[in-house]
Amino acid sequence: MQQKSRAVSNVILFGLNEGLALDLQRQLLTQGVAVHSSSHSTLDECVRLFEQTRAGVVFCASDPDCYQALLGLIKKEKLALHLIVVSRQPETSDWLKALEAGATDYCAPPFDIRQIQWMLDGAAKPKSFAA
């Protein structure tokens, strides 16, 4: 079965623990997506990866300090980058807080191919910047 082509061909993993990153990376690779991550999870490193790869999506740790800082940078710099928060434990209140803060989506393992496709399809839509 041939995969349909996607507008999102590059993603960044930011601030995820190794096990969670590997689980997610396996699913993303089955979708033909190039996965970029850094051993140094700093905002500067994430921006460098974005500039090098022109990734459309960053999968970020569910720590509010992590995703709020990244969301602030995305908005300030007007980066065409969708942020999906990834958590080991899917808590409804954490999910709502992340979406209210500006995240595009929220996910937790086990990662499902259909879920990944749905998130990537949603992220392929143009990002708008509300004033």
Which residue pairs have Cβ atoms closer than 7 Å, lie 6 or more positions apart in sequence or on different chains, and pair a first residue in the range 42-67 that is basic (Lys, Arg) with a second residue that is modelled with pLDDT of 90 or more?
Arg54/Asn10
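If you go through the range 68-81, how many residues are among the aliphatic types (A, V, I, L, M), in a helix (DSSP H, G or I), touching a residue at least 40 places away in the same chain (Cβ under 8 Å) and surrounded by fewer than 18 Cβ atoms within 10 Å (Cβ to Cβ)? Spell out the reasoning first.
First, the residues of the range 68-81 that are among the aliphatic types (A, V, I, L, M): 69-71, 73-74, 79-81.
Filter again for in a helix (DSSP H, G or I), leaving 69-71, 73-74.
With touching a residue at least 40 places away in the same chain (Cβ under 8 Å) added as a condition, the list becomes 70.
Now drop any that are not surrounded by fewer than 18 Cβ atoms within 10 Å (Cβ to Cβ), which leaves none.
Residues meeting the conditions: 0.
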Condition (residue is farther than 25 Å from Asp94 by Cβ, of a type in the set (Lys, Arg) and surrounded by fewer than 13 Cβ atoms within 10 Å (Cβ to Cβ)) applied to the range 42-58: is it met by at least one residue?
yes
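Say we look at the range 18-37 and pick out the residues that are in contact with a Lys or Arg (Cβ under 8 Å, 6 or more places away or on another chain) and over 13 Å from Ala55 (Cα atoms); which of these is modelled with the lowest pLDDT?
Going residue by residue through the range 18-37, those that are in contact with a Lys or Arg (Cβ under 8 Å, 6 or more places away or on another chain) are 20, 31-33.
Subset that is over 13 Å from Ala55 (Cα atoms): 20, 31-32.
Details: Leu20: 93, Gln31: 86, Gly32: 89.
Among them, the one singled out is Gln31.
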Let me spell it out: the conditions are (1) of a type in the set (Val, Ile, Thr); (2) outside any helix (DSSP H, G or I); (3) in contact (Cβ under 8 Å) with a residue 60 or more places away in the chain, and Ile84 meets all of them except one. Which number is the exception?
(3)
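The values are calculated or read from the model by the stated rules, or taken from the named source; none is laboratory data. The structure presented is a predicted model; accordingly, all values stated were derived computationally and were not measured. Please note: Cβ atoms are built from the backbone with ideal geometry, for glycine as well, and neighbour counts cover all protein chains shown.
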